[in-house]
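Read the structure below first, then the notes.
The values are calculated or read from the model by the stated rules, or taken from the named source; none is laboratory data. Worth saying up front: this structure is predicted, and the values here are computed from it rather than measured. In this analysis, Cβ positions are derived from the backbone assuming ideal geometry, glycine residues included, and neighbour counts consider all displayed protein chains. When the accessible area is computed, the model is the full protein with side chains, heavy atoms only, and any ligands, DNA or RNA have been set aside. Shrake-Rupley method; radii C 1.70, N 1.55, O 1.52, S 1.80 Å.
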Amino acid sequence: MVGLPARGKSTIARKLRENLSRDHIICRIFNNGQLRRRIRGQDTTSPEFYHPDNKAGVQLRERIALTNLDRARRFLENGGHVAIIDATNVSLKRREKIRSFMDRCDILFIECVNDDEEILEASIRHKANLPEFRGLSAQMAIESFKRRIQYYKSIYTPMENEDNFVKLDSLNNRILREEISGEIPYYDLIRDFLVTDSVKNLYLIRHGETYFNLENRIGGDSSLTSNGVKQAEALAKYFKKKNIPFIFTSKKKRTIQTAEPIQRLQASCTIVPLEEFNEIDSGVCECMSYEEIRAQMPEVYYARKQDKYNYVYPGGEGYVTMKERVDRGIKKALFLSGGAENIMIVGHRAVNRMILSHFLYRRTEDVPYIYIPQDKFYHIVATQYKKLFQLKPY
Ligand code: F6P
């Protein structure tokens, strides 16, 4: 792996190992950071440890890199098929070392890039919670990690003229550049994996009943009714035994209020409200009921009926214009959850239709009619090996 910290390398490494193992390919990850933490613990947390002029730091990191390379080489000599060296490997010098040390192996460099500021911030915030930063305030941990990244940036030479590499936009699973000059074993499988949006278990839930739902009103920021709270509590019980590390919601009260009881019954669970999952903005029709729209703005009502997917509310959105932001929310959620076994999204009717259609092919004209009840949820599995959609009562 190649790339600056917080670019999704370890997540990709872990998922790649799982995928290869399914095909009985014997694969192991050699993670330099883990080894560093195991042998030196907290005293390598300071950003100055990563300063390129800090001789002791450089030496220790070189020693760790060589230890892992040595272990990887022995693993491959003893029947292993694929060794993943999970480290930044951002300098030319380091990559030279890998090549000379592993000169009898086929080497593929997978460079992960992602400069999306918002995602980086969120993933750095998440890193700041790691045990490595225990003892620092959240703000100090974030600063410290950012300084560490700067030091890595100062020695970073992106992949350019080297043999056998792929440059991957790790947020969008898109290959930006691909230079394969030799025969890389399992490359077809690896490539396909890299471009697959994979999610092991996604629980897609619609918020519980709101006061606006009772009146058939759209948009707004209404709260859950007591029935809606009961639905959220029932969901919480249903998911109690599953480990849900992240619940992504919109910024609206109704989705957060649905997520809170679920979070309470989990050992460790973070609610991450994302604007991208806000319900369709119905512009001039916000907070109106469908009956009011038909009576007061028949032109809006009938034009939407005519072509619901492409219709854009005056001053608001349509399904067609929501697509980009919802897709972006999905990418964010998948990236931030780092390959977790289970993730949950609590969204809204239109948003959940868009999320479902991201994973499940539907003609666009049918998307605005996908069934999104409040007393059932969708369980989605989408990996290179399995696609599953199940509507389940709770
Ligand atoms: O339940 C109401 C709601 O979530 C509204 O806020 C939103 O405008 C609507 O559903 C979306 O559904 P449709 O596109 O079928 O009007």
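Within region 311-321, can you find the residues that are open to solvent by less than 40 Å² (accessible area, probe 1.4 Å) and assigned to a helix (DSSP H, G or I)? Across region 311-321, the qualifying residue is only Tyr319. Filtering region 276-310 to residues that are more than 11 Å from the ligand (Cβ to nearest atom), open to solvent by 50 Å² or more (accessible area, probe 1.4 Å), assigned to a helix (DSSP H, G or I) and in contact (Cβ under 8 Å) with a residue 40 or more places away in the chain leaves only Glu291.
For the list (1) open to solvent by 60 Å² or more (accessible area, probe 1.4 Å); (2) closer than 24 Å to Glu183 by Cα, I need the number of the one condition that Glu121 fails. Condition (2) is where Glu121 drops out. Residue-level check: of (1) within 16 Å of the ligand (Cβ to nearest atom); (2) buried (at least 21 other Cβ atoms within 10 Å of the Cβ); (3) within 29 Å of Glu117 (Cβ to Cβ); (4) of a type outside the set (Phe, Trp, Tyr), Leu334 misses just (1). Candidates Glu178, Glu132, Glu143: the one that is acidic (Asp, Glu), farther than 28 Å from Phe248 by Cα and either touching a helix residue (DSSP H, G or I) at 6+ places or on another chain (Cβ under 8 Å) or surrounded by fewer than 18 Cβ atoms within 10 Å (Cβ to Cβ) (or both) is Glu178. Checking each residue in region 226-237 for being away from the ligand (no atom under 13 Å from the Cβ) and more than 22 Å from Phe389 (Cβ to Cβ) picks out Ser226, Asn227, Val229, Lys230, Ala232, Glu233, Ala236, Lys237. Go through region 77-99 and count every residue that is open to solvent by less than 80 Å² (accessible area, probe 1.4 Å) and farther than 16 Å from Met159 by Cβ. So the answer is 6.
When restricted to residues that are open to solvent by less than 40 Å² (accessible area, probe 1.4 Å) and at pLDDT 90 or above, region 146-163 contains 4. Of all residue pairs spaced 6 or more apart or on separate chains, those with beta-carbon atoms under 7 Å, a first member in region 348-367 that is at pLDDT 95 or above and in a helix (DSSP H, G or I) and a second member that is of a type in the set (S, T, N, Q) and open to solvent by 30 Å² or more (accessible area, probe 1.4 Å) are Val367/Ser357.
Of all residues in region 175-217, exactly one satisfies the criterion of being without any contact (Cβ under 8 Å) to a residue 40 or more places away in the chain, of a type in the set (A, V, I, L, M, F, W, C) and within 16 Å of the ligand (Cβ to nearest atom), namely Leu214.
Find the helices (runs of 4 or more DSSP H) located wholly in region 40-154 whose residues include 1 or more that are of a type in the set (Gly, Ala, Ser) and touching a residue at least 40 places away in the same chain (Cβ under 8 Å), and list them.
The helices (runs of 4 or more DSSP H) meeting that bar are 55-77, 117-127, 138-154.
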